[in-house]
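Below you'll find the structure, written out as structure tokens, and then a few comments.
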Amino acid sequence: MNPSQPERVARDILVVGSVALDSVRTPFGMAEEALGGSASYFSFSAGHYAPVRLVAVVGEDFPAVHREAFERRSVDLSGLETAPGRTFRWRGEYHIELGHAHTLETQLNVFSDFHPRLADVHRRCAFVFLANIDPDLQLEVLAQTRGARLAVSDTMNYWIARKADRVIEVLRRVDVALLNEEEARALSGETQLVRAAQRLIDLGARAVIVKKGEHGALYRSAEELFVTPAYPVSGLQDPTGAGDSFAGGFLGWLARSGRTDPQALRQAMACGSAMASLAIEAFSPARLMDAGTAEITERVRAIHRMTSFELESLFD
Ligand code: AMP
């Protein structure tokens, strides 16, 4: 077997990203040093659909209770390194418009010296999610997972402000790049989102998903344009992690179904919306941890009901 092209495990998803202690304030409450991080939200979301293998680093101060929470959801932590030092910390707040996080503090801590070294079990995952993290680390992961069936990336304005050219390099090498509207505007230089998505395709992205918070998400590739609404949530607590949870539902469904055709992508967008709606109903990934299959299925069905209408009789 050629080690750079290992045989893939069809349903397994590799996620590399941040595992963090988040301090967040929203108009509805606050949390101090709660479990957070892009890879955490993704894992608790995608884990409802397919096996997830997490690669990240935490410090010696990372509470055992969080590790146990991952294990309870059967997330494979063999790639979660513990390094001397402190765990990554993020402090942010949301104002009443809730559209985007205002970062108050980012402490990279153990992530400053982290270089993911993937074991065979990680390289063999058919699906790869490069959660929000330094784009140089995302490129290091891509170099080790060449030939994966589907690779998807996410990012954040923090990295666009510091390493836009590397973020674009990632976007060129993955199959789908996820961005929220603010990030899509910042990276493309376009204000209108349809144009921003087009500009990112022109820059070399194969497909982009622009996440628009309570206004849903837009998928754009050279061939496809598809939109999904957000599931209407009335008990929003904390928007943190909505994007990563969307990604978890999206990639989770593709891995579970084993399909990447246009219809599956549309289904995956609906699964993404359903998972994002759960994430924001609590601080930390708490709702994702305890949601049941029936509840998730009902949200996907509701999204379908909200978006389908009879076309035939309309033009009689
Ligand atoms: P989202 O709300 O989906 O954009 O993701 C929020 C998560 O990203 C939080 O739980 C943070 O811990 C994490 N995060 C914030 N800033 C960064 C950063 N610069 N690099 C990696 N992860 C970050």
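Overview of values
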| item | result |
| --- | --- |
| Cβ-based net charge around G241, under 13 Å, with every Lys or Arg adding one and every Asp or Glu removing one | -3 |
| For the chain, calculated [θ]222 nm from helices alone, where every DSSP H run of n ≥ 4 adds -39500 (n - 2.57) | -11500 deg cm²/dmol |
| Signed unit charges on C-beta, dipole axis of the chain, positive-most listed residue A270, A148, S43 | A148 |
| Residue list for the stretch 12-37, given a label point 7 angstrom along the Cα-to-Cβ vector of H102 and an amide N cut-off under 15 Å | 24-29 |
| Of A119, L179, G241, farthest towards positive along the dipole that unit charges on Lys, Arg, Asp, Glu beta carbons give the chain | A119 |
| Surrounding net charge for S38, when Lys and Arg each add one and Asp and Glu each subtract one, Cβ distance under 14 Å | -3 |
| Gained length - E32 relative to A119, 0.36 nm times residue gap less alpha-carbon distance | 28.0 nm |
| Positive-pole candidate from I96, P27, I13, dipole of the chain, charges at beta carbon | I13 |
| Lys, Arg +1 and Asp, Glu -1 on Cβ, resulting dipole of the chain about Cα centre, debye, nearest 20 | 680 debye |
| nm² value of the averaged projected area, convex hull over the Cα atoms of the chain | 16.4 nm² |
| Summed side-chain charge close to A184 - residues other than A184 whose Cβ falls under 15 Å, Lys, Arg +1, Asp, Glu -1 | 0 |
| Ranking of Y231, Y158 by count of other Cβ atoms within 10 Å, fewest first | Y158, Y231 |
| Cα centroid separation - the stretch 154-221 against the stretch 56-96, whole Å | 27 Å |
| Mean Cβ neighbour count within 10 Å, used as a protection proxy, ranking 56-67, 135-146 highest first | 135-146, 56-67 |
| Max mean-square fluctuation residue, GNM over the chain, Cα-Cα springs under 10 Å, options F88, F246, F226 | F226 |
| Zero-based 5 Å bins, Cα pair distances in the stretch 224-283, whole percents | 4, 22, 27, 21, 14, 8, 3 |
| Spherically averaged projected area of the stretch 183-316 from its Cα convex hull (nm²) | 9.8 nm² |
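All of the numbers you see were taken from the coordinates with simple rules; none came from a lab. Quick caveat: nothing in here was measured; it's all calculated off a predicted structure. Because the Cβ atoms are built from the backbone with ideal geometry, glycine has one as well, and the counts that use them run over all protein chains shown.
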